[in-house]
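Engineer: There's a structure below that I have some questions on.
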Amino acid sequence: MDKILYCAAPFSTYNAKFLYTQEPDEIMFEKNKEIIEVVSKYNLRMDIKVHPSGEKNNFAHFSYLAKNYPNIKVIGGYWKWFLRAERLIPKYDLVIIDIIRTAILPVMARSTIPTIIYTKKDLREFNIGGLKHIFHMATTKKRLDELIKKFSFGELYVPENEKLLKVWFKKRETIENWYKIGRKDMFLRRRFRHEWKNDNIPHLNFEKIWKRLKRIKNPPLAGKT
């Protein structure tokens with residue numbers, strides 16, 4: 001049976017909304033439920049890879065949503081190298097992303113695995129409308145249902161401009177526009193930190209580095225992944 005990997009976004013509860021999701025939490029919650037419901041409707045298997053930012057809370061959130069769906073599995077363990085999304089992706093037949101600002105996007109742009117981006121944002125706002133030539137785009141539950149139905153029948157292929165997926169330089173403009181959004185968010189993140197946490201403490205210090213090293217040695221949720 002074909003298998004789906006859903007790379008879920010973090011929530012603005014744990015991050016400044018404009019840095020990652022660019023959509024309010026209530027919309028993100030709605031999309032979470034819609035993706036699970038549509039996939040289960042066609043009795044497909046899906047693993048949900050939770051975002052490492054607020055991982056413990058994300059894991060609990062999706063475990064609750066998926067508790068009545070035996071075909072859905074929640075995966076944590078970001079600090080386990082072999083459980084990072086980039087290493088998991090090749091094992092799946094379809095990948096679902098629910099935000100634009102994610103490091104998974106350029107990874108999938110180089111892949112021939114079909115990818116669905118489910119966002120209710122207007123891509124024209126970011127000048128990256130070219131993504132529709134690289135990925136399957138869905139902005140409504142109805143459109144998501146249509147794409148998942150095609151996948152269930154083995155009819156969801158890479159976008160019609162298949163050469164665009166295989167020849168990197170032809171899609172460089174779209175990806176460069178995506179990175180521009182990333183650079184803008186980097187400055188916003190710095191500004192957000194200075195405005196809301198202006199304590200003159202460096203972003204990385206010995207205590208934080210030591211904490212990360214300890215997490216690598218003893219990752220959270222290790223017994224649940």
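The values are calculated or read from the model by the stated rules, or taken from the named source; none is laboratory data. These numbers were taken from a predicted model, which means no experiment stands behind them. Note that we place each Cβ from the backbone using ideal geometry, even for glycine, and neighbour counts take in every protein chain shown.
Engineer: Looking only at residues in segment 60-91 that are within 14 Å of the chain's Cα centre (by Cα) and crowded, with 19+ Cβ neighbours inside 10 Å, which one is modelled with the lowest pLDDT?
Structural biologist: Y78
Engineer: Quick test for you: out of I27, I48, I4, I35, pick the one residue that is among the β-branched types (V, I, T), surrounded by fewer than 17 Cβ atoms within 10 Å (Cβ to Cβ), under 24 Å from L147 (Cα atoms) and at pLDDT 85 or above. If you could, list the steps in order and put the result at the bottom.
Structural biologist: Numbers: I48 fails: surrounded by fewer than 17 Cβ atoms within 10 Å (Cβ to Cβ); I4 fails: surrounded by fewer than 17 Cβ atoms within 10 Å (Cβ to Cβ); I35 fails: surrounded by fewer than 17 Cβ atoms within 10 Å (Cβ to Cβ).
Just a single option satisfies the conditions, and that option is I27.
Engineer: In segment 146-165, which residue that is within 19 Å of L131 (Cα to Cα), modelled with pLDDT of 55 or more and in a helix (DSSP H, G or I) is farthest from the chain's Cα centre (by Cα)?
Structural biologist: Within segment 146-165, the match that is farthest from the chain's Cα centre (by Cα) is E146.
Engineer: Select from segment 93-150 the residues that are under 21 Å from I27 (Cα atoms) and hydroxyl-bearing (S, T, Y) and write down the one among them that is surrounded by the most Cβ atoms within 10 Å (Cβ to Cβ).
Structural biologist: Here the residue is T115.
Engineer: Then there is this: Could you check segment 32-78 and list, in sequence order, the residues that are in a helix (DSSP H, G or I), within 17 Å of I96 (Cα to Cα) and of a type in the set (G, A, S)?
Structural biologist: Hit for segment 32-78 is S40, nothing else.
Engineer: Can you say whether I96 is at pLDDT 85 or above, in a helix (DSSP H, G or I) and under 22 Å from I134 (Cβ atoms), as far as the supplied structure shows?
Structural biologist: Values: at pLDDT 85 or above: yes; in a helix (DSSP H, G or I): no; under 22 Å from I134 (Cβ atoms): yes.
No: the conditions fail for I96.
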